[in-house]
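Remarks on the structure that follows.
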């Protein structure tokens, strides 16, 4: 009797493990990226930069991520230490994240972002590069 119940339990565990492995949809953070909605932004102290979070596997926007790290600097123009304030703004489009950035100088700007994607483990760290001009 004990051998039979142990075999049944082992078979049940094996079945559950195989089902779990077959339906697992956990993505790697490399499956996600931020993309600029518009790579050209008008310079100024209240410039608005919009980025879309995209699942590379499907090409679809990813809503409800939590962006908790932001940095804006002029690294593309060789001035990484030239930073500027960046502030999250509300967005009315799912998967699009908007920021007020003080783009006080024309040129190349890098926006670095850290985010948590709902239902995924790990932190997404990505950056986008834009061109600011009057």
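Take every pair of alpha-carbon atoms less than 8 Å apart whose residues are at least six positions apart; their mean separation over the length of the range 49-109 yields a relative contact order of 37 percent. Highest mean packing comes first when the peptides 98-109, 61-72 are listed by Cβ atoms within 10 Å, giving 98-109, 61-72.
A simple spin-label model places pseudo-atoms 7 Å from Cα toward Cβ; at residue 30 and residue 129 they are separated by 2.1 nm. Between residue 71 and residue 92, the FRET efficiency from the beta-carbon distance, with R0 = 22 Å, is close to 0.30. Rounded, prolate or oblate, given the Cα gyration tensor of the range 26-133, with a/c below 1.5 counting as rounded? Prolate.
Readers should treat all values here as calculations from the given coordinates under stated rules, not as data from a laboratory. Quantities reported herein were computed from a predicted structural model and do not represent experimental measurements. Note that we place each Cβ from the backbone using ideal geometry, even for glycine, and neighbour counts take in every protein chain shown.
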